[in-house]
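Encoded as structure tokens, the structure appears first; notes follow it.
The values are calculated or read from the model by the stated rules, or taken from the named source; none is laboratory data. A quick note: this is a predicted structure, and the numbers were derived from the prediction, not measured. Don't worry about glycine lacking a Cβ; one is built from the backbone with ideal geometry, like all the others, and counts go over all protein chains shown. Ligands, DNA and RNA are excluded from the accessible area calculation, which covers all protein heavy atoms including side chains. Shrake-Rupley method; radii C 1.70, N 1.55, O 1.52, S 1.80 Å.
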Amino acid sequence: MGMRTNNTMKAAVSAALFASLMSSAFAPPAFSQEPAPMRPAKWSDEKTDCSAFKKEPPWTIGVSNYSLGNSFRVQMFEELKFAAAKDSRIKEVVITNSDGSVPKQLSDIEDLLTRGVDGLLVTPLSSEAVAPSVEEAVDDGVPTVIFNNEIATDKFTSIVWADEYRFGWLGGNWLKEKLGGKGNVVVLEGMAGTSTSDLRTRGALEALGDGVTILARQPADWAYDKGKAAMQDFISAYPEIDGVYSQGGAMSQAAIDALTTAGKPLVPVTGEGYNGFLKTWAANKDKGFASIGPDEPTWQSVEALNQLVACLAGETIEKWHEIPISLITEENLGDFVKPSCPDDVWANTKMDYETIKTLYKCTD
Amino acid sequence: MALVSPAASTSAPMKMLRFFITPSGAVWIAIAILLAVAALASDNFVSGDHLLNVARHAAALCIATVGQVFVIMTGGLDLSNGAVITLVSVVASQLLGGSDQYLVPVVLLCLAMGAAVGLFNGLIVAKLGIPPLIGTLGTFGILKGAAYVLTGGAPKGGIPESIRYVGNGTIAGFPISTLCALAFVAFGAFLLSRTIFGRQLVFLGANPSAARLSGVPVARIIILAYVFSGVSAAFAGLLAVGYTGVGSLSLGEGYNLDSITAAVIGGTALTGGSGSVVGGAAGVFFLALLTSFLRFLGLSYSGQLIVQGAILAAAVILQARVFRR
């Protein structure tokens, strides 16, 4: 009996090995070839010489944010405050929030300049509408670093940028490999009309390729309730769903919950470094649930601050600064998930655990 | 409630027919047409499971709409109900922290918060004479700001299993949240048609000066209507957060306009004095069915928005032009 099992095992293992060798040998090269970065058209290796902006510390930093509407953005600004508090050269950080309004953001920047801030960080709500204000700031001699969106002008000091297209591509590519290149997929998108959502979906669809059938696409704003409602509709509408491409946030968690509630098998669902999702992933790992989390760091704000501070110190800095999209996988999931913290924590953080714990009231 | 015509002595089928051509009856025809179209377009849409899912999604909006109908019947509007829902979700999440320990006091606190918001709305509308549109929009802003302050932008804590069970669970296949909504609709309908408060409310909405002259305590009734809407919103908030399991600053988004739309589709006149709680609930179900069906069709998002907008506009025009001449 033992011998038999052993032999069968051996056969199975060698068959699997052979199959995987064969498949890797014959896989078309495009299968896992990374796409070229979808950088803004004007992207360059240009540097900004900040000798003209050099100023003696302490500095007051102005930040024009356009929304605190979701937990990702909230943490992005907590990271910024945390990092700024540790830098003795920074006297004060003044953060404004325009709450989704372009006119308010323009007047916010105006106010910050009038206040006499030494440097400016901007997350533009509209890359076009905010551009003149950024130009004005630079003309006023205030170094201005853009992050979290693009800007429709060359007149800025530095831009910190993450490749959302690649974010989508990484998730889509993983899902395609998981499904063996074919199957029925439903797509949960972010907020309609935002470049983040648009680029992620484009990257994912490109990676999924023609072999995969896209049954339906639905914007659900990265939100749990909208994601769950959309997923429940998908489940009722399409009896055969082989995988879910979700842009992440709480939508991925909602998709898993919807599958569980409907008594459907846990097909692969892509995610992101959102703790609520990571906890659900960890809890269902043993039931055969597989996922991946491309991850855009919340500390991109800190990278922007570092650029600005280097500029105020008179250094020469990168005009275009790319931050990496990392991957949360089955293997490193344990390093990222925070079981005793609430759902709204983002895993890829540069704040220490004590700060996270106090901020989010983690229980352990 | 649809005002029953004096010629009520006609036969039962005639009565039914009459009902369907009243403002609050027409919505049922709209639902029937939508279901028929959906049944032709898809095999799975008109199934018990799916319709129960739709009813589950509609539960919180349905409860908020019951309160909204009361306010609209007085000739007012409540734009703050969505902000109450958001606030309740974050307060419950933070105070409970995922545990049942303070369940009863926290639930009561949430309902009391809703009542207090309603009281505030009612006072500024009835006593200070501020137009409801502006007054309750102000409250909306205050509550939204309060939710930001309470959470520091990021909701903490969590919702315990007990509330999640009410938001997510089923009894004999029926979503508990839907059963709660149905019970609340029955309660609201009773309140409006079978109590002195309800009858006075209808009267003052239809003709405020006549009501005042007849000794109806107009201000008190208006204030009570807003209080009822606030409590409805708080109850809706508890159900909604039981469904999602975590407080969220965007949970209540859209509830104010959706509840007004549902009320109007259900035959409640924005001018006050005429309307129906059951009709409002049917309006909510129609909205939820329509959203789900357009998603079901696999229409692009922009297509969904356009079709949904057009159908809603048509429904409201029909209400205003055909049934209410």
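Among the numbered conditions (1) out of contact with any Phe, Trp or Tyr (no Cβ under 6 Å at 6 or more places or on another chain); (2) in contact (Cβ under 8 Å) with a residue 24 or more places away in the chain, tell me where A:P342 comes up short.
All conditions pass for A:P342, except number (1).
Could you grab me the full set of residues in region B:285-325 that are in contact with a helix residue (DSSP H, G or I) (Cβ under 9 Å, 6 or more places away or on another chain), more than 14 Å from chain A (Cβ to nearest Cβ), among the aliphatic types (A, V, I, L, M) and closer than 25 Å to B:P132 by Cα?
Of everything in region B:285-325, those that are in contact with a helix residue (DSSP H, G or I) (Cβ under 9 Å, 6 or more places away or on another chain), more than 14 Å from chain A (Cβ to nearest Cβ), among the aliphatic types (A, V, I, L, M) and closer than 25 Å to B:P132 by Cα turn out to be B:L312, B:A315, B:V316, B:A320.
Name every residue in region A:31-53 that is within 24 Å of A:G171 (Cα to Cα) and touching a helix residue (DSSP H, G or I) at 6+ places or on another chain (Cβ under 8 Å), in order of residue number.
A:F31, A:S32, A:E34, A:P35, A:P37, A:M38
Going by the conditions given, is B:G153 within 14 Å of chain A (Cβ to nearest Cβ), in a helix (DSSP H, G or I) and open to solvent by less than 50 Å² (accessible area, probe 1.4 Å)?
Details: within 14 Å of chain A (Cβ to nearest Cβ): yes; in a helix (DSSP H, G or I): no; open to solvent by less than 50 Å² (accessible area, probe 1.4 Å): yes.
No.
Given the options B:G75, B:G135, B:G129, name the one that is surrounded by 18 or more Cβ atoms within 10 Å (Cβ to Cβ) and free of Cβ contacts under 8 Å to residues at least 24 places away in the same chain.
On the way: B:G75 fails: free of Cβ contacts under 8 Å to residues at least 24 places away in the same chain; B:G129 fails: surrounded by 18 or more Cβ atoms within 10 Å (Cβ to Cβ).
It is B:G135.
Of all the residues that make up region B:44-57, how many are within 17 Å of B:G298 (Cα to Cα) and more than 9 Å from chain A (Cβ to nearest Cβ)?
Step one: filter region B:44-57 for residues within 17 Å of B:G298 (Cα to Cα), giving B:44-46, B:50, B:54.
Then drop every residue that is not more than 9 Å from chain A (Cβ to nearest Cβ), which leaves B:46.
Selection size over region B:44-57: 1.
Of the residues that sit in region B:167-181 and are open to solvent by 50 Å² or more (accessible area, probe 1.4 Å) and out of contact with any strand residue (DSSP E or B) (no Cβ under 9 Å at 6 or more places or on another chain), which one is nearest to the other protein chains (Cβ to nearest Cβ)?
So in region B:167-181, the residues open to solvent by 50 Å² or more (accessible area, probe 1.4 Å) come out as B:170-172, B:174, B:179.
Still in the running and out of contact with any strand residue (DSSP E or B) (no Cβ under 9 Å at 6 or more places or on another chain): B:170-172, B:174.
On the way: B:T170: 9, B:I171: 15, B:A172: 16, B:F174: 14 Å.
Checked region B:167-181; the qualifying residue nearest to the other protein chains (Cβ to nearest Cβ) is B:T170.
Please verify whether A:S67 is among the small types (G, A, S), open to solvent by 10 Å² or more (accessible area, probe 1.4 Å) and over 24 Å from A:G248 (Cβ atoms), treating the condition exactly as stated. Break it down stepwise before answering.
Values: among the small types (G, A, S): yes; open to solvent by 10 Å² or more (accessible area, probe 1.4 Å): yes; over 24 Å from A:G248 (Cβ atoms): no.
Judged against the criteria, A:S67 is not a match.
What is the one condition in (1) assigned to a helix (DSSP H, G or I); (2) open to solvent by 10 Å² or more (accessible area, probe 1.4 Å); (3) touching a Leu at 6+ places or on another chain (Cβ under 6 Å); (4) more than 22 Å from B:V185 (Cβ to Cβ) that B:L34 does not satisfy?
Against the list (1) assigned to a helix (DSSP H, G or I); (2) open to solvent by 10 Å² or more (accessible area, probe 1.4 Å); (3) touching a Leu at 6+ places or on another chain (Cβ under 6 Å); (4) more than 22 Å from B:V185 (Cβ to Cβ), B:L34 comes up short only on (4).
Which members of region A:174-186 meet the condition of being open to solvent by less than 30 Å² (accessible area, probe 1.4 Å) and in contact with a Leu (Cβ under 8 Å, 6 or more places away or on another chain)?
A:L175, A:V185, A:V186
Would you confirm whether or not region A:305-323 contains a residue that is out of contact with any Leu (no Cβ under 8 Å at 6 or more places or on another chain), among the β-branched types (V, I, T) and open to solvent by 40 Å² or more (accessible area, probe 1.4 Å)? Working first, answer last.
Our first condition is that a residue be out of contact with any Leu (no Cβ under 8 Å at 6 or more places or on another chain); within region A:305-323, this holds for A:306-307, A:309-323.
Of the ones still in play, those that are also among the β-branched types (V, I, T) are A:309, A:316-317, A:323.
Now restrict to residues that are open to solvent by 40 Å² or more (accessible area, probe 1.4 Å): A:316.
Yes, region A:305-323 has at least one match.
How about region B:68-96: which of its residues are in contact with an Asp or Glu (Cβ under 8 Å, 6 or more places away or on another chain) and within 14 Å of chain A (Cβ to nearest Cβ)?
Within region B:68-96, B:G82, B:T86 qualify.
Of all residues in region A:267-303, which are open to solvent by 10 Å² or more (accessible area, probe 1.4 Å) and free of Cβ contacts under 8 Å to residues at least 60 places away in the same chain?
A:V267, A:T280, A:A282, A:A283, A:N284, A:K285, A:D286, A:K287, A:G288, listed by residue number.
Scan region A:29-63 for residues that are outside any loop (DSSP other than H, G, I, E, B) and either modelled with pLDDT under 80 or of a type in the set (A, V, I, L, M) (or both) and jot them down.
Keep residues of region A:29-63 that are outside any loop (DSSP other than H, G, I, E, B), which gives A:29-31, A:47-49, A:51-53, A:59-63.
Within region A:29-63, A:P29, A:A30, A:F31, A:A52, A:I61, A:V63 meet the criteria.
So which helices (runs of 4 or more DSSP H) are wholly in region B:249-325 and hold at least 3 residues that are modelled with pLDDT of 90 or more and hydroxyl-bearing (S, T, Y)?
On the way: elements: B:255-265, B:277-296, B:301-321.
Correct list: B:255-265.
If a residue has to be buried (at least 24 other Cβ atoms within 10 Å of the Cβ), within 16 Å of B:I33 (Cα to Cα) and of a type outside the set (A, V, I, L, M, F, W, C) to count, how many in region B:280-291 make the cut?
Of the residues in that region, 1 qualify.
Which condition breaks for B:S99 when tested against (1) within 14 Å of chain A (Cβ to nearest Cβ); (2) more than 18 Å from the chain's Cα centre (by Cα); (3) at pLDDT 95 or above?
Unmet condition: (3).
Mind checking whether some residue in region B:85-97 is more than 22 Å from B:G145 (Cα to Cα) and open to solvent by less than 10 Å² (accessible area, probe 1.4 Å)?
Taking region B:85-97 and keeping what is more than 22 Å from B:G145 (Cα to Cα), we get none.
Among the residues of region B:85-97, not one is more than 22 Å from B:G145 (Cα to Cα) and open to solvent by less than 10 Å² (accessible area, probe 1.4 Å), which makes the answer no.
Would region B:219-235 turn up any residue that is open to solvent by 40 Å² or more (accessible area, probe 1.4 Å) and touching a Phe, Trp or Tyr at 6+ places or on another chain (Cβ under 8 Å)?
Within region B:219-235 (the criterion being open to solvent by 40 Å² or more (accessible area, probe 1.4 Å) and touching a Phe, Trp or Tyr at 6+ places or on another chain (Cβ under 8 Å)), the answer is yes, since at least one residue qualifies.
Are any residues in region A:186-217 more than 13 Å from A:Q247 (Cα to Cα), within 14 Å of chain B (Cβ to nearest Cβ) and not in a loop (DSSP other than H, G, I, E, B), and if so, which ones?
Matches in region A:186-217: A:T213, A:I214, A:L215, A:A216.
Looking at region B:179-194, can you tell me whether even one residue there is touching a residue at least 40 places away in the same chain (Cβ under 8 Å) and within 20 Å of B:G135 (Cα to Cα)?
no
How many residues, within region A:64-86, are more than 14 Å from chain B (Cβ to nearest Cβ) and assigned to a strand (DSSP E or B)? First the steps, then the outcome.
To start, the set of residues in region A:64-86 that are more than 14 Å from chain B (Cβ to nearest Cβ) comprises A:64, A:83-86.
Okay, now just the ones that are also assigned to a strand (DSSP E or B), so A:64.
Adding up the residues that qualify gives 1.
If you check A:L21, A:L68, A:L17, which single one turns out to be modelled with pLDDT under 90 and under 27 Å from A:T114 (Cβ atoms)? Let's see the steps before the verdict.
Details: A:L21 fails: under 27 Å from A:T114 (Cβ atoms); A:L17 fails: under 27 Å from A:T114 (Cβ atoms).
Exactly one of A:L21, A:L68, A:L17 is modelled with pLDDT under 90 and under 27 Å from A:T114 (Cβ atoms), namely A:L68.
Matching residues to (1) in contact (Cβ under 8 Å) with a residue 40 or more places away in the chain; (2) away from chain B (no Cβ under 14 Å); (3) among the small types (G, A, S):
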{"position": "A:P219", "(1), (2), (3)": "no, no, no"}
{"position": "A:A230", "(1), (2), (3)": "yes, no, yes"}
{"position": "A:D242", "(1), (2), (3)": "yes, yes, no"}
{"position": "A:T261", "(1), (2), (3)": "no, no, no"}
{"position": "A:P265", "(1), (2), (3)": "no, yes, no"}
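Taking B:I134, is it more than 14 Å from chain A (Cβ to nearest Cβ) and either under 13 Å from B:G157 (Cα atoms) or not in a helix (DSSP H, G or I) (or both)?
On the way: more than 14 Å from chain A (Cβ to nearest Cβ): yes; either under 13 Å from B:G157 (Cα atoms) or not in a helix (DSSP H, G or I) (or both): no.
No: the conditions fail for B:I134.
Results for (1) touching a helix residue (DSSP H, G or I) at 6+ places or on another chain (Cβ under 6 Å); (2) under 23 Å from A:K226 (Cα atoms); (3) within 13 Å of another protein chain (Cβ to nearest Cβ); (4) in contact (Cβ under 8 Å) with a residue 40 or more places away in the chain, shown as yes or no for each residue.
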{"residue": "B:I221", "(1), (2), (3), (4)": "yes, no, no, yes"}
{"residue": "B:L224", "(1), (2), (3), (4)": "no, no, no, yes"}
{"residue": "B:A234", "(1), (2), (3), (4)": "yes, yes, no, yes"}
{"residue": "B:L239", "(1), (2), (3), (4)": "yes, yes, yes, yes"}
{"residue": "B:G247", "(1), (2), (3), (4)": "yes, yes, yes, yes"}
{"residue": "B:S250", "(1), (2), (3), (4)": "no, yes, yes, yes"}
{"residue": "B:S259", "(1), (2), (3), (4)": "yes, yes, no, yes"}
{"residue": "B:A263", "(1), (2), (3), (4)": "yes, yes, no, yes"}
{"residue": "B:G266", "(1), (2), (3), (4)": "yes, no, no, yes"}
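Just for strands (runs of 3 or more DSSP E) wholly inside region A:87-170: which have at least 3 residues that are under 26 Å from the mean Cα position of the chain (by Cα) and without any contact (Cβ under 8 Å) to a residue 40 or more places away in the chain? Talk me through it step by step, then tell me what you get.
Working: elements: A:90-97, A:119-122, A:144-147, A:158-162.
Counting at least 3 such residues, we get A:90-97.
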